[in-house]
Amino acid sequence: MADPMTQFDQISSSQGLADGQNSVAAKDSKMSVKDLVHWRDPKKSGVVFGLSLLTLLSLAAFSVISVISYLLLALLCVTITFRIYKSVVQAVQKSNDGHPFKALMEKDVSIPPETFHKHVDVSLTYINRFLKQMSKLFLVEDLIDSLKLAVVMWLLTYVGAVFNGITILILADILLFAVPPFYEKNKTQIDRYMEIARTQVNTTMAKLQEKLPGAVKRTKAE
């Protein structure tokens, strides 16, 4: 007869192994945005990239109302067709399987008030931080930072003359899924060139700051 303590240890080990496997499976089933753009799972990343690009291309060709209407119409066609198909199969087989979407309809799709308030509070924090930063820039608290913003806005006027908003979003979507894997493969070289560029920019800004009158030089500590 086996020792009870040995049996207990074996049961505990098997339960721990099962819990570990379940936790790994749960982690694998949930992918973050970082995992998607780094193509950790090529199939999921390909689906997300394809759908996002298709949606943006549709918005470039049609109005927002048309794109949303077509997407909802396509979804309705799929669900209605599947509902009719299951009804016919149940009638032929004389089964009582019930509604094919019963499990989905029983799920709670409402947003808990706690979750809603939590996301609102987080969003409000970022909005207030953004408004505070914009106030500093447009009221010229720091001349150098305001000049940087002015240069960026001036460059964006040329970008806006060449591209519209949807085109920029399409390019951003392509870059979002193309740059991270490229950066991972060439991280060392890219970091070296980025450091050189950062050094050049800091040197140029330091020289510009030295030429400014004393009253408008940076007053905050770096």
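When LEU57, LEU51, LEU75 are checked against the criterion of being of a type in the set (A, V, I, L, M, F, W, C), assigned to a helix (DSSP H, G or I), touching a helix residue (DSSP H, G or I) at 6+ places or on another chain (Cβ under 9 Å) and surrounded by 10 or more Cβ atoms within 10 Å (Cβ to Cβ), LEU57 stands alone in meeting it. Among the conditions (1) surrounded by 11 or more Cβ atoms within 10 Å (Cβ to Cβ); (2) among the polar types (S, T, N, Q); (3) at pLDDT below 90; (4) within 26 Å of the chain's Cα centre (by Cα), SER69 misses just one, which is (3).
With respect to the conditions (1) at pLDDT 90 or above; (2) within 27 Å of ILE170 (Cβ to Cβ), ASN128 lacks only one, and its number is (2).
For segment 37-49, which residues satisfy the criterion of being of a type in the set (A, V, I, L, M) and over 14 Å from PHE182 (Cα atoms)?
At the first step, the residues of segment 37-49 found to be of a type in the set (A, V, I, L, M) are 37, 47-48.
Hits for segment 37-49 are VAL47, VAL48.
Would you please name the residue that is nearest to ALA206 (Cα to Cα), looking only at residues in segment 131-146 that are of a type in the set (A, V, I, L, M, F, W, C), part of a helix (DSSP H, G or I) and modelled with pLDDT of 90 or more? Outline the logic, then answer.
Taking segment 131-146 as the starting set, the residues that turn out to be of a type in the set (A, V, I, L, M, F, W, C) are 131, 134, 137-140, 143-144.
If we keep only those that are part of a helix (DSSP H, G or I) as well, we get 131, 134, 137-138, 143-144.
So of that shortlist, the ones also modelled with pLDDT of 90 or more come out as 131, 134, 137-138.
Working: LEU131: 27, MET134: 23, LEU137: 19, PHE138: 22 Å.
Here the answer is LEU137.
Results for (1) in contact (Cβ under 8 Å) with a residue 12 or more places away in the chain; (2) hydrophobic (A, V, I, L, M, F, W, C), shown as yes or no for each residue.
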site: SER63; (1), (2): no, no
site: SER69; (1), (2): no, no
site: THR79; (1), (2): yes, no
site: ILE84; (1), (2): no, yes
site: VAL89; (1), (2): no, yes
site: VAL92; (1), (2): no, yes
site: VAL109; (1), (2): no, yes
site: ILE127; (1), (2): no, yes
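When the criteria are applied in full, LEU149 meets the requirement of being closer than 30 Å to ALA206 by Cα and open to solvent by less than 90 Å² (accessible area, probe 1.4 Å).
The values are calculated or read from the model by the stated rules, or taken from the named source; none is laboratory data. All values reported here derive from a predicted model rather than from experimental measurement. Backbone-built Cβ (ideal geometry, glycine too); neighbour counts: all protein chains shown. Each accessible area value is taken on the protein alone, full model and side chains, heavy atoms only, with ligands, DNA and RNA left out. Shrake-Rupley method; radii C 1.70, N 1.55, O 1.52, S 1.80 Å.
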